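**Student:** Structure provided below as structure tokens; questions to follow.
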Amino acid sequence: MPASTLSFRVHGLDCAEEVSLLRHALDGRQGVLGLAFDVVNARMTIELDPELIDAPAIQKAVAGTGLRAEPWRDQPTAGPAASWLATHSRSVLTIASGLAVLGTMVDHALRSGNSSLAFLSHEDEAHSARAIALCSMAIASGMYYFLPKAWFAIRHRRPDMNVLVSISIAGAIYLGQWSEGATLAFLFSLANLLESWSLAKARGSIGQLLNAGPREASVVHHDHEHRTPLDRVPVGATVRVRPGERIPFDGEVSAGASGVNQAPITGESVPVLKRPGDSVYAGSVNGEGLLDIRTTRAAHDTTLARIVRMVESCQTRRAPSEQFLERFARIYTPVMIALAAAVALVPPLFDGRWPHWFYQSMVILLISCPCALVISTPVTIAAALASAARRGMLIKGGAYLEIASRIRAIAFDKTGVLTAGQPRVEAFEPLNGHKTEDVLRRVASIEQSSEHPLGRAILRYCQEQGIRPAPSAGFQALPGLGAEATIDGEAFWIGSSRMLAARHGVAETAGDSGHTAVFCGGADGPWARIGLTDLPKPEAAEAVHALRGQGIGTLVMLTGDNPATARAVASELGFDQAHAELLPEDKANHIASLRTRHGAVAMVGDGINDAQALAAASLGIAVGTRSTDVALETADVVLVTDDLRRIAALIHHSRRAFAIVKQNVAFALATKLIFLVVAFLDLATLWMAVAADMGATLLVTFNGLRMLRTGSLR
């Protein structure tokens, strides 16, 4: 039986430590073939052999770590059996621990007559039976959730923060520091609660950014309409969208006119007027008019659905820096444990102060927690990916976000990317005595199956001339050349000058005027020459200028068009180089050459001809919803809008994200270094170490969540 994939929501999956626990519980288990984790969304994905292991067995293994797993649902629900206490038990236990600590402080103040807070120092003190009972309550409540994790880590000889805190609390009790042990348990429980809350905030913010589609649609049937779930609406049905409603499907306006806010999909802040024949996207918001829309895609295949799937899957493609920090943490924690052991054992050999140095070693153990260091990167990247998706830039993982931050050279396809993709036939010249109508019938027959912008333009020209396509068979696209088919029992082809040269050995130099030349013919030679023009997009020159402003020093055009047209467009837009008459493999070879000279190189394209170059580039960028499915699947980044200025925004956004990652890493390491110095100066206490770690974790988390703001993407 083939392998299958299951996803689980893991309650309590808030840090890299839980990832480590889960890996040790499941890695190597019979039937488990692969594991992937999305900490920000508390999601675990497992590739497995269903004959050897099933979901209940996985849930049982997860339960052994002190966590709880349930099958993944897009919208988590508590269910009727989930009580208020079960939902809020972590908060209840943390509050109970805090109240017990407060009671201990009050007891100390009443007994000593001193209102100073006892836990501010770690001097020996006498505890009443009442104080010890309160401290025990605080410790039990505070350790309830993390003690099972600590026990699992100890059994598998993989010490983590849960083990470090447990040892420190046990050490505090051994030294008679009951109030400090209680305070430590409460603060660690509070830290875990706040960390869980901050990640829940991130999940909620990201979910809100992507929750742009309605659940039902008003389907029109003759003289009436009714509400229908989206998955039951067939392609080709007519749905009615009232003012202020979200459009439920990708489709085409069949009746009405209205301004449509496409910001949820393309990021365009200005509403676009839609009339009959215009395309609309699911998730966009209708303005003040009433629209009837003929659906062109099923609910699971809309642009919005693709965005959601891409964002959901992007967490599995982690950034190299994120992976490095996890590897660093696996080395860093044992090293810090060894340092703490050395502090506990070596200095007392010289001064005999065993309790004092044992206490200092516990402080060092707590300082060594790598959570702030590790959690900051995935939170920042997840927020950056979500905000980019909200602005119509679909980045398929943190790895590609990081590559975008290092891009120094970019190559562009021309037709449909730099140009408007709406070429028009400017000249039609029959050759060798062939009649215009006969040629156009054959041309229309081939081009009605083509996806290329030039092919669509030629087909429109034929339709404007009132030409009906001839019957054909055996259509075949020839990437980089053109297409061919059998028409009226004879082979017929259409394509570039390379196609003409390949079929008949004719070197054609037409196109010196700047027109794109297309030829067609049969076995007996060329039948006609067609001249087309496709103007650059209005924003193309501004996009090039913006990329220069981002420090992109090399901009190259790679096109299958003729050299004269390529030079004209490149000169108008300000490109450094233009390479013309390229086959798909030629484009890929140019990309390889650019990578050798410049390192990280991006390729921007939209068609089948570009797929090979998109795959060869460090970062493949597919532009516009008109991109072919091959280009969309091959690309690492998909721009929903055709606006080329988004490429500069993408690079700026990625650099901002990794600037924040560097800030977080520097802050986390600096915090630990400062506290190590404070500890060696004998000025730190256990509760201070936990408070510092908790504060660092929260600060780097909220710093990373700044990437949810989309200001840098406008």
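**Student:** I need the peptides 27-34, 521-528, 697-704, 408-415 ranked by packing, meaning the mean over residues of other C-beta atoms within 10 angstrom, with the highest value on top.
**Tutor:** 408-415, 697-704, 521-528, 27-34
**Student:** Right, something else. Please give every one of the lysines within straight-line cross-link reach of residue 60, meaning a C-alpha to C-alpha distance under 16 Å, and leave out same-chain neighbours fewer than 8 residues apart.
**Tutor:** Within the straight-line limit of under 16 Å, residue 60 reaches these lysines: 149.
**Student:** Report relative contact order for the range 235-297 in percent, whole number only (criteria: Cα-Cα under 8 Å, sequence separation at least 6).
**Tutor:** 52
**Student:** Which peptide among 653-661, 182-190 comes first, and what is the full order, when sorted by highest mean count of other Cβ atoms within 10 Å?
**Tutor:** Going by the mean number of other Cβ atoms within 10 Å, highest first, we get 182-190, 653-661.
**Student:** When we measure straight from the Cα of residue 587, which lysines land under 20 angstrom away, once same-chain ones fewer than 8 places off are left out?
**Tutor:** The qualifying lysines are 414.
**Student:** Taking the Cα-to-Cβ direction at residue 341 and at residue 257 and moving 7 Å from each Cα, how far apart do the two end points lie in nm?
**Tutor:** Reported label-point gap for residue 341 and residue 257 is 8.0 nm.
**Student:** Tell me, what ³J(HN,Hα) does each residue in the range 585-602 have, in order and in whole Hz, if you take phi through Karplus 6.51 cos²θ - 1.76 cosθ + 1.60 with θ = phi - 60° and put x for Gly and Pro?
**Tutor:** 3J(HN,Hα) across the range 585-602, in whole Hz: 5, 5, 4, 4, 5, 5, 4, 4, 5, 5, 5, 5, 8, 10, x, 6, 10, 9.
Each value in this text was obtained by applying a stated rule to the coordinates, not by laboratory testing. Predicted model, so just to flag it, every value in this text is computed and none were measured. Here Cβ is always computed from backbone atoms with ideal geometry, including for glycine, and neighbour counts include all displayed protein chains.
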